[in-house]
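Every read-out reported here was derived from the displayed coordinates using simple, explicitly stated rules and does not represent laboratory data. Predicted model only: the values in this text are computed from it and were never measured. Every residue, glycine among them, receives a Cβ derived from its backbone with ideal geometry; neighbour counts consider all protein chains shown.
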Amino acid sequence: MNEADKRPIDGDGAAALLGPLTDLAIQAGAAILAVNRSTMRVDGKTDGSPVTEADLAADRIIGEGLMRLSPDIAALSEERAGLATPPYKDSFFLIDPLDGTKEFVAGRNEFTVNIALVTAGVPLLGIVGAPALGLIWRGIVGRGAERLRLRAGAAPLVEPIRTRPTPPREKPWTVAVSRSHGDQRTEAFIATRPGAVRCKLGSAVKFARVAEGEIDIYPRLAPTCEWDVAAGHALVTAAGGKVTDSKGDAVTFGWGAKDFIVPEFIAWGDPSAAP
């Protein structure tokens, strides 16, 4: 049994970690921005997805930082998934050091650094940093969520955020959809909301826009990975929303799903809209 199994983290523990984890997300974001996208090397993983020196640099900063900050809490990162030893029965960090690598490689700004703290299979704390946008969204379930606007030479501007209610019947839903990944099940789900306005976005920025009340819902009814979802899950929940599968059941993390796959999820801005 590893130490993470002996030390479940509660809201107070998460609150104590929020500042240091935010600093790690900022440092990782700076390392990503320092990489020259026009000359960097892009390799392919076994699943066909790209990995760059920016992914690896961000992962190294976060991994080393977590070892200094909380060496007794297990960590699962996309870039070190082969070293993972699930199930994680209590608390562990779940990290995507560069979510939206395709966006990054394409020269767009919608890529993120995702750090989550998961307790008993449920994301408790989530940080989504968008370094090219100068923004960080973060939240602790039960304690609210906020957006940080990073400013050179000054402290970040901190603004509380909250999801918004379901649109009135006469108004269309605004739906976050992936710019890089589409699937028929998600499109069929969106079609059940006539007139829905699709907002194409990359990475976990989609979760963030739900959390800050700019978007009503983010459905992804196709497989993705736990590290793509956990930080956004915590963020949306902390901001007043809810994340479920298509039947309204909970989405859990760290229990040892094959290849860490999340089969489907829906991030609801208004939890009363969920099944």
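For the stretch 93-160, what does the alpha-carbon gyration tensor say about shape, rounded, prolate or oblate, given a ≥ b ≥ c as the root eigenvalues, a/c under 1.5 as rounded, and a/b over b/c as prolate? Verdict is oblate for the stretch 93-160. The sum of -39500 (n - 2.57) across all DSSP H runs of n ≥ 4, divided by the residue count of the chain, sets its helix-only mean residue ellipticity at 222 nm to -8500 deg cm²/dmol. When the Cα atoms of the chain are aligned to their principal axes, the ranges along those axes come out at 52, 45, 42 Å in descending order. Taking Lys and Arg as +1 and Asp and Glu as -1, the other residues whose beta-carbon sits under 10 Å from that of R164 total -3. With a cut-off of 10 Å between beta carbons, the residues surrounding R220 carry a summed charge of -1, where Lys and Arg count +1 and Asp and Glu -1. For the chain, a crude dipole built from +1 on the beta carbon of Lys and Arg and -1 on the beta carbon of Asp and Glu, taken about the Cα centre, is about 760 debye to the nearest 20.
Shape class for the stretch 16-100: oblate, because the ratio a/c of the largest to smallest gyration tensor axis (alpha-carbon atoms, square roots of eigenvalues) is 1.5 or more and b/c is at least a/b. This model, with +1 at the C-beta of Lys and Arg and -1 at the C-beta of Asp and Glu, gives the stretch 210-275 a dipole about its Cα centre of some 180 debye. Long hydrophobic helices in the chain: the complete DSSP H runs spanning 15 Å or more by Cα along their own axis with mean Kyte-Doolittle hydropathy of at least -0.5 are 11-33, 53-69, 226-238. The stretch 92-165 and the stretch 204-275 have their alpha-carbon centroids 14 Å apart. Of the residues T119, P167, A31, the one whose Cα sits farthest toward the positive end of the charge dipole of the chain, with +1 on the Cβ of Lys and Arg and -1 on the Cβ of Asp and Glu, is P167. What FRET efficiency comes out for A188 versus A250 if R0 is 25 angstrom and r is the Cβ-Cβ distance? Round to the nearest 0.05. Plugging the Cβ-Cβ distance into 1/(1 + (r/R0)^6) gives 0.65. On full extension, the segment bounded by D10 and R41 gains 7.1 nm, given 0.36 nm per residue less the C-alpha separation.
Sort F111, F265 so that the residue with the fewest other Cβ atoms within 10 Å of its own Cβ comes first and the one with the most comes last.
F265, F111
By the count of neighbouring beta-carbon atoms within 10 Å, fewest first, S70, S49, S246 end up ordered S49, S246, S70.
Annotation: the residues V158, V122, V113, sorted from fewest to most other C-beta atoms within 10 Å of their own C-beta, follow the order V158, V122, V113.
About its Cα centre, the stretch 3-161 has a charge dipole of approximately 340 debye under the convention of +1 per Lys or Arg Cβ and -1 per Asp or Glu Cβ, with nothing else charged.
Decide, for the stretch 3-161, between rounded, prolate and oblate: order the square roots of the alpha carbon gyration tensor eigenvalues as a ≥ b ≥ c, take rounded if a/c falls under 1.5, and otherwise choose prolate if a/b is larger than b/c, else oblate. Because a/c hits 1.5 or more and a/b fails to exceed b/c, the stretch 3-161 counts as oblate.
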